[in-house]
1. Name the residue, out of Ala63, Ala45, Ala26, Ala78, that is among the hydrophobic types (A, V, I, L, M, F, W, C), within 23 Å of Phe118 (Cβ to Cβ) and in contact with a helix residue (DSSP H, G or I) (Cβ under 8 Å, 6 or more places away or on another chain).
2. Go through the residues of the range 40-60 one by one and say whether even a single one is buried (at least 16 other Cβ atoms within 10 Å of the Cβ), farther than 23 Å from His105 by Cβ and touching a residue at least 60 places away in the same chain (Cβ under 8 Å).
3. Tell me the residue from Asp106, Asp74 that is among the charged types (D, E, K, R) and either surrounded by 12 or more Cβ atoms within 10 Å (Cβ to Cβ) or under 20 Å from Ala11 (Cα atoms) (or both), please.
4. Looking at the range 1-14, which of the residues that are among the hydrophobic types (A, V, I, L, M, F, W, C) and without any contact (Cβ under 8 Å) to a residue 12 or more places away in the chain is farthest from Pro113 (Cα to Cα)?
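FYI, it's all coordinate maths here, none of it is from the lab. Source: prediction; values computed, not measured. For neighbour counting, all protein chains shown are included, and Cβ atoms are generated from backbone atoms with ideal geometry for every residue, glycine included.
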Amino acid sequence: MRLSLYQAETARIAVQQQHILNQARAALQSGRALSSLEENGVLHALQILIENAIGKCKQLLKASGQPVPVSAQDAFAALASLQMIMPSDLANWARIVGLRNRIVHDYMNINMPQVISFLTAAQEQFVVDFLLKDFSLDAATRTADKQ
């Protein structure tokens, strides 16, 4: 898939998941607690957003002709070394990837009040902003992208 199409699809998914999270945030801001079903929806939307960002990160590395690490942390570090993201954002990416890992692998120990605080503070916006950003690569990379 061409990088431009990939980025358009990641943006579409980001908007879709952000809409779900905005609905949950509005319910919380109105003073209503989320049902178990809604909490699960929040976790799923966050997981999709974060996995979408990891996938985009790896696609950007691939399109740049760089080796693609298996580890999401290493992938974001490689993207920072290319100056496509700010090195100062790596701690935030580590925290976000850690949240995704807890949702997927340590689901029995998720601290839902902490997730609700994350949602209430709109901390997922950092991920959404990355997914909505159109990364333009140099001409050589765009040529390789079309192959």
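1. Numbers: Ala63 fails: within 23 Å of Phe118 (Cβ to Cβ); Ala26 fails: in contact with a helix residue (DSSP H, G or I) (Cβ under 8 Å, 6 or more places away or on another chain); Ala78 fails: within 23 Å of Phe118 (Cβ to Cβ).
Of Ala63, Ala45, Ala26, Ala78, the one residue that is among the hydrophobic types (A, V, I, L, M, F, W, C), within 23 Å of Phe118 (Cβ to Cβ) and in contact with a helix residue (DSSP H, G or I) (Cβ under 8 Å, 6 or more places away or on another chain) is Ala45.
2. yes
3. Working: Asp106 fails: either surrounded by 12 or more Cβ atoms within 10 Å (Cβ to Cβ) or under 20 Å from Ala11 (Cα atoms) (or both).
Answer to the selection: Asp74.
4. Checked the range 1-14; the qualifying residue farthest from Pro113 (Cα to Cα) is Met1.
Yes/no per residue for (1) over 23 Å from Ser136 (Cβ atoms); (2) under 11 Å from the mean Cα position of the chain (by Cα); (3) not aliphatic (A, V, I, L, M):
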| site | (1), (2), (3) |
| --- | --- |
| Ser4 | no, no, yes |
| Gln16 | yes, no, yes |
| Ala33 | yes, no, no |
| Ser64 | no, no, yes |
| Pro67 | no, no, yes |
| Met86 | no, no, no |
| Gly98 | yes, no, yes |
